[in-house]
Amino acid sequence: MTTARHINSPLNQVKPYQSSQSYLSQMNMLPLLVTGLVAGLSSTSMSAIASTSTPERAPFELNIARTSSQAATVGENDNELKRDVWTAKLSASMPLNKQWMIGANIGYDNLDYGWRINQQTPLRTNAVPWSSINQYSAGLSLIYRPDNQWMFMLAPQMKYAYANTASSSNAQSYGVIASGMYRFKSGNMLGLGVAYLNDISEVRTVPYLAVRWQINDKWVLSNPFQAGFSGPAGLELTYQFSKDWNFGVGSSRRTERFLIENDDTTIEIEEWVGFLRAGWKISQSVSLNAYTGYYFGGEMELSEPKTTEDISNQVAAGLSFKVKF
C-alpha cells in the first residue's frame, strides 16, 4: 500500500522549490499490491524530498509491505485463487543543484498465488502449475526544474517478473516514464505523464494525470501510486486528521504481467481497485499505513493459447512500513 503522505501545512505555505519536489515522491511510491488491491500502492517520501535544502535530510527510504486478499473465483469452473504478497523497496534521491535532482530504486516482490483447481483450465495446467512469482525491479529518475512553475521528470525502469515454472532469461521488461507539471501561484500542481512500456513481448503506452492539489489545510488530492508496469498513477483524496495521523480514499486501474513459461507465455491480470488507508507517522523517520480495499472488474489472460477468464470481486487488506535514514 502506499506510504503515508504527511501534509503538515497548506501547500501555499510551502516554498516553491519544496512543493514541486513533492511530485518526485508521488511518482516513486512503493508498489505494494503488485497483484491487485494496491498493486502498485505504496522511492523517496514527500517530506524527505521537500527538505532537500536542509543538511539533515535522509537520502534513503526503505519500504516493506505485506498484503493478503480474499479467495476469488476465476472463470466459470469454480477454480479459486488467493493472493498473498510481500514487497520490499529501497530508494535514494539526491539534489544536484536547485534545478536538477537524481534518484534510484531497487525492489523485490514475492507473489504467492494459492490455487484450488476444481476443473482443468488453460490458465493453470498440470504441465505448468505456476503458483509463485518473483519480481525484481530497478529504476532511475531525473528531475529538472527550469523555474518555479515547471517541473519535468524522466524515469527509465526495468523489471524481471517470472513464475516458479519459468526462468528469468525471457522475463525482462523495460520502459520509461516522462511527465511535466505546472505549479500555480497557489502552490497546486497539475500535469500530464506518459509511460512507454515494453512489458514481456507486449508494448504499451499509458497516459496518466499527474496532480497534487491542496484543497485546504486538511484535504489534498494526489497520485498515490507509481506510474509504470503496474498501471497508471491513480488518484487518492487524503485528509490530515492530526500531525501524526492521516486518512485516504482512492482508486486506480492496475495491470500485472509475468512469464509462466520460457517461450514467452505470459499471464496478465487487469482489474480495478478501490481502497481506504490509515496512515500513522510514528516518528520523523518511521511511518505505518494500514489498508483495506476491494478488487473489482478483474480478468486474467493467458497469452498462448489466447484465453481470458473473469476474476470475481474480492476484499484485501495490508500493512506498509516505511523508514527513512
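Below 12 Å, Cα to Cα, which aspartates and glutamates can residue 306 reach? Residues fewer than 8 away in the same chain don't count. Once the sequence-local aspartates and glutamates are set aside, what remains near residue 306 is 268. One chain, two ends: residue 247 and residue 205. Fully extended at 0.36 nm per residue, the span grows by 12.0 nm beyond their Cα-Cα distance.
Rolling a 1.4 Å probe across all protein chains gives residue 144 an accessible area of roughly 70 Å². With the simple model of a label 7 Å out from the Cα in the direction of the Cβ, residue 169 to residue 80 spans 3.8 nm.
The order of 323, 220, 194 by accessible area, most exposed first and with a 1.4 Å probe, is 194, 323, 220. In summary, the lysines within cross-link reach of residue 218, defined as a Cα separation below 27 angstrom excluding same-chain residues under 8 places away, comprise 15, 185, 243, 281, 322, 324. Cross-link reach is defined here as a Cα-Cα straight distance under 14 Å, omitting same-chain residues fewer than 8 places apart; for residue 98 the aspartates and glutamates meeting it are 147. Which one, 187, 200, 273, is farthest towards the positive end of the dipole of the range 175-294 when Lys and Arg carry +1 and Asp and Glu -1 on their Cβ? Of the listed residues, the answer is 187.
The values are calculated or read from the model by the stated rules, or taken from the named source; none is laboratory data. All figures in this text were calculated on a predicted structure; none of them were measured in a lab. Here the Cβ is made from the backbone with ideal geometry for all residues, glycine too, and neighbour counts use every protein chain on show. Remember, those area values only see protein heavy atoms, side chains included, never the ligands or the DNA or RNA. Shrake-Rupley method; radii C 1.70, N 1.55, O 1.52, S 1.80 Å.
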